Structure formats: C-alpha cells, structure tokens
Amino acid sequence: MAYAENYLSDSEIHPIDIVESLAAHRKWDFERASDDQIAMSVEGSWRNYSITLAWSAGDETLRMICTFDMEPPREKLSKLYEALNLANDSCWSGGFSFWKDHRMMVYRYGLVLSGGATATSEQIDQLLNEAVTACERYYPAFQLACWGDQSPVAAMDVAIAQAYGRA
C-alpha cells in the first residue's frame, strides 16, 4: 500500500496511530477511545462491521475484534456452532466465535509484537482486510446454517470460493 509506506515509515509510531491513519485515509468512521484503543465502523457488502483494535503493552499484543449482530434462533445454535468450527478450520489467521450473551458474531486476531517488535502499516492493513474479508466470506454461510434448511456443511459451500473485493 503506497499511502501507508510513504506516510507511515517511522518504526516508532504507535500501532493505534497507524490504524487511525489508515481509517482516516479510507474515510471510515472511527473513534479513538484512548491512546491504546480505537473503534471503527466498516461498511461491507452484507453488513456493517464494528472493528476495535487495542494495544496491550504488557503482553506486547495488538488485539483486533470485528463484530456484527446475529440473533440466531435458540434451536439453531448447535448448527451455528458447527458452522463456526467449519469456518475456523479454513481460517489460518484469526477465528470466529459467537458471544451468546451479546448476540454478536466475533472475528478476532492478536498480532504478537514481543521483544520490542513494531507493527508495520502493511501488517495492520492486512489484518483489517482479512477481518472484513473473512466476515464477508462466511456471513452467508452462517445465515444459511441458522435460517436456511441446509446443514452447516452444505451452508459452507457458499464460502468455498475466496471473496474478492476491498474492505
């Protein structure tokens, strides 16, 4: 990403500052909750996604969660959990879970930067792209597993092909 390479070349930049610059460049709605946390809203094809990134200096990890509302019928929760397991088998970075109490689907990832390593703008950009791409890719399958008359395995057929496009 040329913008990030030229604008964010200093390795001493705080990871949340990098996220803020990327969000501003993409014209995403965002709010800097603190020096170590930022929340943003990203419009996808299927949903609007809430993405929060937080820097934890104690364990040197940049944590990201990408959430969207989902209220499956109680009797379909086992199908949703099976679909989540199938999706997570295909996700090499990050993973899905369902926060039952909040009725929210969650994709999360932690970028470990131990030993004083710094995040690059390219790494953070990739992290954001992968989160939105994974949510866009699996959202229809989760919907089919919860509201369609398909098994979770059949529902995953819609997510077989890699999603194309931009976050």
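The values are calculated or read from the model by the stated rules, or taken from the named source; none is laboratory data. These figures come from a predicted structure and were not determined experimentally. Quick reminder, even Gly has a Cβ in these numbers, built from the backbone with ideal geometry, and neighbours come from all protein chains shown. The protein model used for the area step is the full one, side chains on, heavy atoms only, and it has no ligands, DNA or RNA in it. Shrake-Rupley method; radii C 1.70, N 1.55, O 1.52, S 1.80 Å.
Approximating the spin labels as points 7 Å out from Cα along Cα→Cβ, the residue 151-to-residue 102 distance works out to 3.3 nm. Other residues within the sphere of radius under 11 Å centred on the Cβ of residue 48, judged by their own Cβ, net out at -2 (K and R +1, D and E -1). Label separation (residue 129 vs residue 71): 3.6 nm, computed from points 7 Å beyond Cα along the C-beta direction. Accessible surface for the range 54-167, divided over its residues, is 52 Å² per residue with a 1.4 Å probe.
For the chain, averaging the sequence separation of C-alpha pairs within contact (under 8 Å, six or more residues apart) and dividing by the residue count gives a relative contact order of 22 percent. Simple rule: put +1 on each Lys or Arg Cβ and -1 on each Asp or Glu Cβ in the chain, find the dipole, and look at 65, 104, 25; the Cα lying farthest toward the positive end is 104. For residue 100, the lysines whose Cα falls under 18 Å of its own Cα, not counting residues fewer than eight places away in the same chain, are 76, 79. Within the chain, all pairs of alpha-carbon atoms sorted by distance into 10 Å bins from zero give the percentages 10, 38, 32, 16, 4, 0.
The Cβ shell under 14 Å around residue 73 holds other residues with a net charge of +2, Lys and Arg each +1, Asp and Glu each -1.
Could you calculate the contour length gain from residue 33 to residue 92, that is, 0.36 nm times the residue separation minus the distance between their Cα atoms, to one decimal place in nm? Gain on stretching residue 33 to residue 92: 18.3 nm. Stretched out straight at 0.36 nm per residue, the stretch from residue 56 to residue 82 would grow longer than its current Cα-Cα span by 6.2 nm. Within the accessible surface of the range 34-102, defined with a 1.4 Å probe on protein heavy atoms only, the carbon and sulfur portion equals 44 percent. Rounded to whole numbers, the Karplus 3J(HN,Hα) couplings from phi for the range 111-127 are 9, 7, 10, 6, x, x, 5, 10, 7, 9, 4, 5, 4, 5, 4, 5, 4 Hz, using 6.51 cos²θ - 1.76 cosθ + 1.60 with θ = phi - 60°, and x at Gly and Pro.
Judged by the mean number of other Cβ atoms found within 10 Å, the most tightly packed of the peptides 133-140, 89-96 leads the ranking 133-140, 89-96. List the relative contact order of the range 47-146 as a percent without decimals, with contacts defined as Cα pairs under 8 Å and 6+ residues apart. Normalised by residue count, the contact order of the range 47-146 is 32 percent.
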